[in-house]
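Some notes on the structure that comes next.
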Amino acid sequence: MNKFNLIYEMAQDRTKYKVEEDIQNFMESKNDISTPEQYVKERSHYLDQIWINVWLNKVTNDVSRKEKKQILSELDYDTEGMDKKIINQLFRNEMRNYQPFDTLNWLLSSELLKQGNWQSKFDQVKKAQIKRQEEEELKLLLENSKEVIFSAAQNIVEMKRNEYFLYVRHFVAKKLNGNFNSNKKYEEIYTNRGRDVIREVGKLQYSDYLTLKDFFSEYTGAVHQIVDYDGDFIEYETYFTYYEKNVTDFLFGFFPSLIKEEIKVHIIGQFELATHEELSDSILRKMLANSFHLLVHEYMEKLQDDFIIDLIQLADTTFDLPLHQKQLLADIQDREYKLKEREEELRRQQEKEQRMMDDIFGKEYIPSTVQNVKYVMHVGETNTGKTFHALKRMKAAKSGLYLAPLRLLALEVYDQLNAEGVRCTLKTGEEEKVTEGASHVASTVEMFHEREYYDILVIDEAQMIADKDRGFSWYKAITKANSTEVHIIGSFNMKEMILQLLGDANVEVIEYTRDTPLKVETKTFVLSDTQKGDALVCFSRKRVLETASILQNNGHSVSMIYGSMPPETRKKQIKRFLDRETTVIVATDAIGMGLNLPIRRIVFLQNDKFDGTRRRRLTSQEVKQIAGRAGRKGIYNVGRVSFTSDIKEMERLLTKKDKLVHTFAIAPTSAILNRFEKYFNKLSIFFELWDKFKSPIGTEKATLTEEQLLYEEIEDSMIEARLSIQYLYSFLHMPFSKNEQLLIDQWKNTMEAIVSKQPLPEPYMSKNSLETTELSYKSIGLYLLFLYRLDRRTEASYWEKVRESFSDEVHEKLNEDVISLKKTCKKCRKKLDPSFSYEVCDACHYTQLRKQGRNNKSN
């Protein structure tokens, strides 16, 4: 049997079924039995229509489009390119008269119309009809009885809601009393491992809170929920959530039986008669679930106004409805007095705190420049000779101090002055190189001390006064300078703000412009375009090493510069470029500050960077600072700038007018810490006060994030107990890489050794790889910071030599290891093509996406 015949037979069977269904409907519509002849007379016109509808729907749906086109083609239709809807319509038209099924003749010859069968069928239909009607009536009765019960229960809830609140209030009071008798108190802290955690800080004391709302924000110590898939970030349960759950459980568990007692007996009887089941607490609980949830919300709102002391006193009483009604009214009346009393106490505390804040911070940050000082501002773009002219004036003076933003620049000036016969000493936080008979000093800006006098003071990169974490060092140097003449070097955008800072002081402004213009190349840069004299800039140490490896394997000789590189190594890498041993530099944005090199072209391999918090596009000032290193008068009279993408947007940033610096950064001073120590002996309180302290107009407070992270390592330890506030803060402020856990551990262990008067733990030292060698260099640097802080200079001179050997090793490893460096997947370590743009391979990326998809689905 072919498919078409099978469809035809199935349509016949369906038609017969529909006819039987129509007979049943016909019988249901009659009160008394009618004859088969009456049915045929009334419904004969419909019988043929049943076949037409069934057949056309069946054949249209079950025959494929290809088969339809074939059938229509056999009927001389041209279906090529014909719309699907038209094909279906033509096919239905052709099938309408295909072998019609004579429905009426089939019915007349069937057993259905025989008198005995007809009577039996009528009896069955009427019996089923009566049964269905009875079921519908019973269902309606059931629904009505449930509605009556629900309405009665709902009315009771509305009438008794204030009484029921008293039960909840007493329940909460007893639970609260238990919490204060046994529970611990927690606070949330942010760790240097990048996650929020809670720690125990003692026991809960009800005297610490006035209202339940004050208490509800405390943590129970339990985890409320995991926020991310890896479990690194979690949300902790507060007492509000804890009590909301408990009140919900209490209300759903206790109230149904109370409500049932209030429902009239005959209403319960009608319900049980209709449903044939007892009215249980479970049934009421389901009926009133929405109402109960609304009550929970209402009661939690009301409870937050309750005074803790009132609830604690209530907990010891046995529940008595009239007594508790009376007590609640008395407590509510008493609240107004207690609130006024609290407001008055808060006002007194605020006034006391404000007097203390005024005493501690006072007028510390009101600018006041030293009298009889001449200020010379050297303002201009990068690579315009500002520093050269300021240093020239300093060299000619009897004594001078150069303040740099980086140890590398201080080292560069130290070397330069000594090479030119001007004796100079180097002073940074990590080292001291004393030159006998020196009258000049090259130093990092943080080492400035206002009591030391110099004829000439040179302050470099003064636009960094706006830096939130380091800017105060520039502010201090400018406003507290103890010199005859102070030279301030910076970009155009800091000019107006520095002039306002200097007020009526004697100021000369010298503006500089570039002798070598910058030209942006219109062609998108690719790595194979690299030429002699290029400096390729990216924004991570890893990217610098990978790029250098590719270039060296392609025949280029490369110098490398990145922020965490030892300054001595950086100096050697620069020297190789200056001596033409290398032809290309690959660097991070560390190249943008103070390095004047014969660079033909600056190439931005990336247009964005991670700033410690997020990945963002480079700012206009950053683009200018870096791009400005291109060009060198007499060597490259045009500085070229190239980009790998978004050329027009990056060119816009390069030519955009600088955003003016309007604020300078402020940080805690020795005087502030001294005054604070009169009131408290814990630095955690100082950090709280610093957050509260309102920064004066035109200033921005240092975040003190790194100091607080370090403090968390030693809070409440013997280290804090045995050191003065100011001395401890000076150790927290030590300049080392606080994103290296090994260095944080070293810092903590060394602090413990200092206060317990034990030998200092020696630094980490390993030359197994470039990474461990660089980490060892930093570790020795931290050790040196402690030695200089403790005035152990003899030991420091030995460790300076040790550190220098690690610097030499870094230099050697850079020149040797980078050639063999392979780019690998961060997850599976599979080798990647050097030009691959991402840190993980495609397989690992898709695995992670699938995992995220599964997690999203399960949630």
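Report Rg/Rh for the chain, rounded to two decimals, where Rg is the Cα radius of gyration and Rh the Kirkwood radius.
Numbers: Rg = 43.1 Å, Rh = 36.5 Å.
Using only Cα positions, Rg/Rh for the chain is 1.18.
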Crossing angle, helix 683-692 versus the chain [Cα axis fit, 0-90 degrees, rounded to tens] = 70 degrees
Non-local amide H neighbours of Thr425 (under 5 Å, H modeled in plane, Pro and chain starts lacking H): which ones?
-> Thr435, His440, Val441, Ala442
Enumerate the residues in the stretch 30-55 having an amide nitrogen under 18 Å from the point lying 7 Å beyond the Cα of Tyr17 toward its Cβ.
-> 50-55
Just the ratio, please: alpha-carbon radius of gyration of the stretch 624-766 over 2.2 N^0.38 Å, N its number of residues.
-> 1.55
Taking the Cα atoms of the stretch 306-464 alone, what are Rg (to one decimal) and Dmax (as a whole number) in Å?
-> 32.2, 98
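How big is the dipole moment of the chain about its Cα centre under a simple scheme where the beta carbon of each Lys and Arg is +1, that of each Asp and Glu is -1, and everything else is neutral? Debye, nearest 20, please.
Values: 127 positive and 134 negative charges, 662 e Å.
Computed about the Cα centre, the dipole is about 3180 debye.
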Binned Cα-Cα distances of the stretch 261-326, short to long, each 5 Å bin given as a whole percent | 3, 12, 13, 16, 14, 14, 12, 8, 5, 2, 0
Using the structure shown, list the pairs from Lys338/Lys682; Lys3/Lys58; Lys139/Lys286; Lys572/Lys813; Lys203/Lys352 with a Cα-Cα distance above 24 Å, or answer none.
-> Lys338/Lys682; Lys203/Lys352
Dimensionless Rg/Rh of the stretch 588-651, both radii on Cα and Rh by Kirkwood, sits at 0.99
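Within 10 Å, count the other beta carbons around each residue, average over each peptide in 802-815, 403-416, 51-64, and list them highest first. Intermediate results must be reported in sequence, preceding the final value.
Working: 802-815: 19.1, 403-416: 22.2, 51-64: 16.5.
Those peptides, ordered most packed to least, come out 403-416, 802-815, 51-64.
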For the stretch 9-63, report the convex hull volume of the alpha-carbon atoms normalised per residue, in Å³, without decimals.
-> 72 Å³
By how many degrees, 0 to 90 and rounded to 10, does the Cα axis of helix 705-714 deviate from the longest principal axis of the chain?
-> 90 degrees
Which net charge results when you count Lys and Arg as +1 and Asp and Glu as -1 among the other residues whose beta-carbon is under 14 Å from that of Val434?
-> -1
In nm, the gap between the two label points placed 7 Å beyond Cα toward Cβ at Lys131 and Ser182 is 6.0 nm
Rounded to a whole number, what is D in µm²/s for the stretch 11-165 from Stokes-Einstein with the Kirkwood radius over alpha-carbon pairs (20 °C, 1.002 mPa s)?
-> 104 µm²/s
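Just to be sure I understand: if I project the alpha-carbon convex hull of the stretch 158-319 onto a plane and average over all orientations, what area do I get in nm²? Could the numbers behind the result be given before it?
Numbers: hull surface 50.9 nm².
Average projection, Cα convex hull of the stretch 158-319: 12.7 nm².
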Determine ³J(HN,Hα), in whole Hz, for all residues of the stretch 28-36 in sequence, where each value follows from phi through the Karplus function 6.51 cos²θ - 1.76 cosθ + 1.60 and θ = phi - 60°; x replaces Gly and Pro.
-> 5, 7, 9, 6, 10, 5, 10, 7, x
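Restricting to the chain, compute how many DSSP beta bridges are antiparallel as a %, nearest 5. Intermediate results must be reported in sequence, preceding the final value.
Numbers: 18 of 71 bridges.
So the antiparallel bridges amount to about 25 percent of the total.
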Reachable aspartates and glutamates from Lys245, Cα under 17 Å, same-chain residues fewer than 8 places away excluded?
-> Glu218, Glu235, Glu237, Glu298, Glu301
Expected sort for 582-588, 668-674, 745-751, 377-383 on mean C-beta neighbours within 10 Å, highest first, is 582-588, 377-383, 745-751, 668-674
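Need one number for the stretch 688-820: average projected area of the convex hull over its C-alpha atoms, nm².
In nm², the orientation-averaged hull projection of the stretch 688-820 is 10.8.
Relative to the present Cα-Cα distance, how much length would full extension add between Glu804 and Gln758 at 0.36 nm per residue of separation?
On the way: separation 46, 0.36 × 46 = 16.56 nm, distance 2.65 nm.
The Glu804-Gln758 span can extend by a further 13.9 nm.
Rg(Cα) of the stretch 518-655 divided by 2.2 N^0.38 Å? Spell out each step's value before the answer.
Details: Rg = 13.9 Å, N = 138, 2.2 N^0.38 = 14.3 Å.
Its radius of gyration relative to the 2.2 N^0.38 Å reference: 0.97.
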Using a simple spin-label model with points 7 Å from Cα along the Cα→Cβ vector, what separation in nm is obtained for Thr60 and Thr522?
-> 6.2 nm
With the cut-off at 18 Å, report for the stretch 374-512 the share of all Cα pairs above it, as a whole percent.
-> 50 percent
Amide H contacts of Thr211 (H built 1.01 Å from N, under 5 Å, at least 5 apart or other chain) | Ile308
Among Gln758, Thr583, Tyr299 the positive-end extreme of the charge dipole of the chain (Cβ point charges) | Thr583
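I'd like to compare 602-611, 437-446: which one has the highest average count of other Cβ atoms within 10 Å, and what's the full order after that?
Details: 602-611: 18.3, 437-446: 20.8.
Packing proxy ranking, top to bottom: 437-446, 602-611.
Quick note: the coordinates plus some simple rules give every number you see, no bench work behind them. Remember, it's a predicted structure, so these values are computed and weren't measured experimentally. Here the Cβ is made from the backbone with ideal geometry for all residues, glycine too, and neighbour counts use every protein chain on show.
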